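Report on the structure given below.
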Amino acid sequence: MLSGHQPKHRQRHRQSGEGLTGFLFGESCAAAPSIAAFLANQCMLIVLDCCEHAIDSTAVLVEQILREAARIDIPAISRE
């Protein structure tokens, strides 16, 4: 990829200051269906750490993943 060229979704989130967190855990959780579909046939452990600041949208993402991907385990840990 050329250094000056970025896909539109990356440009939008970078310009808004949301970054990856905004893309994954933004109000609409727009990436949740794509992430869940990708993980559907995977077997893995995904550890969520320090997601208290985005707990509602994280719950939406995790629920969708667990519905579609039976072999995924997702513990959430916190320092609080």
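The values are calculated or read from the model by the stated rules, or taken from the named source; none is laboratory data. Bear in mind the structure is a predicted one, so any value in this text is a computation, not a measurement. Cβ coordinates were reconstructed from backbone atoms using ideal geometry, including for glycine residues, and neighbour counts include every protein chain displayed.
Please specify each residue of segment 42-54 satisfying the condition of being exposed (fewer than 14 other Cβ atoms within 10 Å of the Cβ) and either under 15 Å from Ala30 (Cβ atoms) or not polar (S, T, N, Q) (or both). Can you show your working first?
From segment 42-54, those exposed (fewer than 14 other Cβ atoms within 10 Å of the Cβ) are 42-45, 47, 49-50, 52-53; that's our starting set.
Those that are exposed (fewer than 14 other Cβ atoms within 10 Å of the Cβ) and either under 15 Å from Ala30 (Cβ atoms) or not polar (S, T, N, Q) (or both): Cys43, Met44, Leu45, Val47, Asp49, Cys50, Glu52, His53.
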Within segment 15-27, identify whether any single residue is within 12 Å of the chain's Cα centre (by Cα), of a type in the set (D, E, K, R) and either at pLDDT below 90 or loosely packed, with under 10 Cβ neighbours inside 10 Å (or both), and answer yes or no. yes
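Only residues that are over 15 Å from Ala36 (Cα atoms) and part of a strand (DSSP E or B): list them for segment 48-74, please. Reasoning before the result, please.
Residues of segment 48-74 over 15 Å from Ala36 (Cα atoms): 48-56.
Passing the criteria: Leu48, Asp49.
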Return the residues of segment 64-80 that are closer than 17 Å to Ala31 by Cα and at pLDDT below 85; say none if nothing qualifies. none
What are the residues in segment 31-63 that are among the β-branched types (Val, Ile, Thr) and either at pLDDT below 90 or on the phi > 0 side of the Ramachandran plot (or both), if any? Ile35, Ile55, Thr58, Val60
